[in-house]
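What follows is a short report on a single structure.
The values are calculated or read from the model by the stated rules, or taken from the named source; none is laboratory data. Everything numeric here is computed off the predicted structure, so don't read it as measured data. Note: ideal-geometry Cβ built from the backbone for every residue, glycine included; neighbour counts use all protein chains shown. All accessible areas refer to the heavy atoms of the entire protein, side chains included, with ligands and DNA or RNA removed. Shrake-Rupley method; radii C 1.70, N 1.55, O 1.52, S 1.80 Å.
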Amino acid sequence: MKKNKVYIETYGCQMNVADSELVMSILLDKGYELTKNLKEANVVLLNTCSVRDNAEQRIYGRLGNIKSVKSGEPNVVVGILGCMAERLRENLIEKNKIVNLVVGPDEYRNLPEYLDEAFSGGKGIGVRLSRTETYDDIIPYREGGLSAWISVMRGCDKFCTYCVVPYTRGRERSRTLFSVVNEVKTLSRRGFREVTLLGQNVNSYKDKENDFADLLAAVARVDRKMRIRFTTSHPQDLSDKLLYTIAENSNVCNYIHLPVQSGSDRILELMNRTYTIEHYLKLIERARKIIPGVSFSTDIIAGFPTETEEDHLATLDVLKTVRYDGAFMFKYSPREGTKAYKMNDDVPEDVKGRRLKEIIDLQQKISFEKNQELLGGEEVVLVEGESRKSSEYFAGRTDTNKVTIFPASDSYKTGDYIKVKINRATSATLFGDVVEKISPDFFEIQKTA
Ligand code: SAH
Ligand code: SF4
Ligand code: F3S
């Protein structure tokens, strides 16, 4: 029998990247084959994001392209997975004639059955959310590589008023520490050099008596040559225990993504973020004391309902006070079904745009200045491979997650750790020369020193 060929595109956050790996694993197990060529696929899957309206518009645009390639072909399934599937359900099929499969994030285990339904001329619709599904027993399909994303929990119980995620991903639930550690062991044996533990709010991780700090420590112990990252932390729940765990494990990167969203307490309250700026800044201060050299990134929303010029200036103030290494910055986008959707989206589009631009400009200036401070110093970089622009240069990342470019050479290769002396920097990239290759025991030595 001719095997079905699956083509999958992934949008949105790293959770979706991890979920696509689960989906590939589930389908391979049922005899499907994977293809990177849309033309030869007879199963086309888009793993989608609903977080802002423009994320959804992109998918509609893409569906238009796919329609022009695939319409008229017999025996083709076009499916929407992920957050849009969960949010829009059968409406997606009604409005987009090309779509005949809609499967949400907690139903991937049943995807083969839904595909069968779609292939036999029906509609494959699976959008139930689950309180328990963690796919703990499924080993995600990963091509070889250096970095892996591991979902350690699913869902979110925070209900920030602007956010659709608790509705598209359901309630919070954690995987077992045992299975996460086993997955990391496998990745280590396969030569992966970096893992990022994922959750919408990793600080809520819980497996019996183990919290996220325990999980992080257990993962860090697996292979000290492996760098460990994690995202996202919520400012209300980030514990001192976690800060000490980062400090004590030299292979846990000194980098915390800590979304602040706004600098105004009034707006934070309307957002249901459950912390004040005072609390947030104290947390940053504590983290800097406990983890010398720690770097921070953040998320900002510009133009939340009722945001005044004063609120906006308070956000700029937080950027100036914290001096983040980087930020992800967005215009507020009303999402149906959320609490904020009922508020009046009263900040005019041009004001939102101008505020966002001011935030981006300020952050760029700060990122640039912070990177200039690194000139002349040395950074430990994990070699990722040829740089995007030229084969004469390699690219890698520092512990603090900064892309670093340095001359290519035969004396180091992908997966090696090297020391780079920084001699030039933009707001987004460091450039330098290699000082030396670092012994594989580097992290071990650093820890006991
Ligand atoms: N759980 C993570 C990721 C959530 S989505 C967290 O809490 O950080 C990533 C970011 O998208 C959020 O931090 C927020 O800044 C932004 N975002 C979420 N909903 C949004 C909306 N309706 N409009 C604009 N930005 C939004
Ligand atoms: Fe959304 Fe807030 Fe949950 Fe993050 S913590 S996913 S912003 S509800
Ligand atoms: Fe988007 Fe869903 Fe992630 S809405 S940001 S893909 S959790």
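Does the chain come out rounded, prolate or oblate by the C-alpha gyration tensor, with a ≥ b ≥ c the root eigenvalues, rounded set by a/c under 1.5 and, if not, prolate when a/b is larger than b/c and oblate if not?
Oblate.
So what is the accessible area of the chain per residue, in Å², with the probe set to 1.4 Å?
I get 45 Å² per residue for this part.
Rounded to whole Hz and in sequence order, give me ³J(HN,Hα) for segment 267-281 from the Karplus expression 6.51 cos²θ - 1.76 cosθ + 1.60, θ = phi - 60°, writing x for Gly and Pro.
Computed from phi, the couplings for segment 267-281 are 5, 4, 5, 4, 7, 6, 7, 6, 9, 9, 5, 4, 4, 4, 5 Hz.
Of K320/K437; K357/K419; K320/K357, which sit over 25 Å apart, Cα to Cα?
From K320/K437; K357/K419; K320/K357, over 25 Å: K320/K437; K357/K419.
For the chain, which cysteines have no disulfide-compatible partner, meaning no other cysteine Cβ under 4.7 Å?
C13, C49, C83, C156, C253
Only bridges whose two residues both fall in the chain count here: according to DSSP, what percent of them are antiparallel, nearest 5?
40 percent
Residue separation times 0.36 nm, minus the C-alpha to C-alpha distance between E33 and S439: what's the value?
Net length gain for the segment: 142.1 nm.
Please label the shape of segment 48-131 as rounded, prolate or oblate, based on the square roots a ≥ b ≥ c of the eigenvalues of the alpha-carbon gyration tensor (a/c under 1.5 means rounded; beyond that, a/b larger than b/c means prolate, else oblate).
Oblate.
Just to confirm my numbers, what's the Cα centroid distance between segment 236-251 and segment 269-290 in Å?
Segment 236-251 and segment 269-290 have Cα centres separated by 15 Å.
Residue by residue through segment 390-401, what is 3J(HN,Hα) from phi via Karplus (6.51 cos²θ - 1.76 cosθ + 1.60, θ = phi - 60°)? Round to whole Hz and write x for glycine and proline.
These are the phi-based 3J(HN,Hα) values: 7, 6, 7, 10, 9, 10, x, 9, 7, 3, 8, 6 Hz.
If R0 is 25 Å, what FRET efficiency do you get for K123 and V69 from their C-beta distance, rounded to 0.05?
Once rounded, the FRET efficiency stands at 0.75.
Work out how much length E94 to R424 would gain on full extension: take 0.36 nm times their residue separation and subtract the Cα-Cα distance, in nm to one decimal.
113.4 nm
With the contact rule set at Cα under 8 Å and sequence spacing of 6 or more, what percent relative contact order holds for segment 5-126?
Relative CO of segment 5-126 lands at 23 percent.
Report the relative contact order of the chain, percent, no decimals, based on alpha-carbon pairs under 8 angstrom and at least 6 residues apart.
10 percent
Set the bar at 23 Å for Cα to Cα. Now go through K70/K95; K5/K413; K185/K208; K208/K339; K95/K352; K241/K402 and name every pair that lies beyond it.
K5/K413; K208/K339; K95/K352; K241/K402
Please report the carbon-and-sulfur percent of the accessible area for the chain; probe 1.4 Å, protein heavy atoms only, DNA, RNA and ligands left out.
Of the solvent-accessible surface of the chain, carbon and sulfur hold 50 percent.
Efficiency by 1/(1 + (r/R0)^6): what FRET value for E113 and R189, r their Cβ-Cβ distance, R0 = 30 Å, to the nearest 0.05?
Given R0 = 30 Å and the Cβ-Cβ separation, E is 0.35.
With 10 Å bins from zero, work out the P(r) of segment 299-340 over every alpha carbon pair and list the percent per bin.
The percentages, shortest bin first, are 25, 49, 23, 3.
For a quick check: with amide H placed at 1.01 Å from N, whose amide H comes under 5 Å from S295's, ignoring anything fewer than 5 positions away on the same chain?
Amide H neighbours of S295, under 5 Å, 5+ apart: Y255, I256.
Report Rg(Cα)/(2.2 N^0.38 Å) for segment 142-253, keeping two decimals.
With N residues counted in segment 142-253, Rg over 2.2 N^0.38 Å equals 1.06.
Multiply the residue gap between Y393 and V181 by 0.36 nm, knock off their C-alpha separation, and tell me the result in nm, one decimal place.
Length gained, Y393 through V181: 72.9 nm.
Mind ranking 38-45, 429-436 by how tightly packed they are, going by the mean number of other C-beta atoms within 10 angstrom, highest first?
Final packing ranking: 38-45, 429-436.
Please report the relative contact order for segment 282-373, taking Cα pairs under 8 Å with a sequence separation of at least 6, and give it as a percent rounded to a whole number.
36 percent
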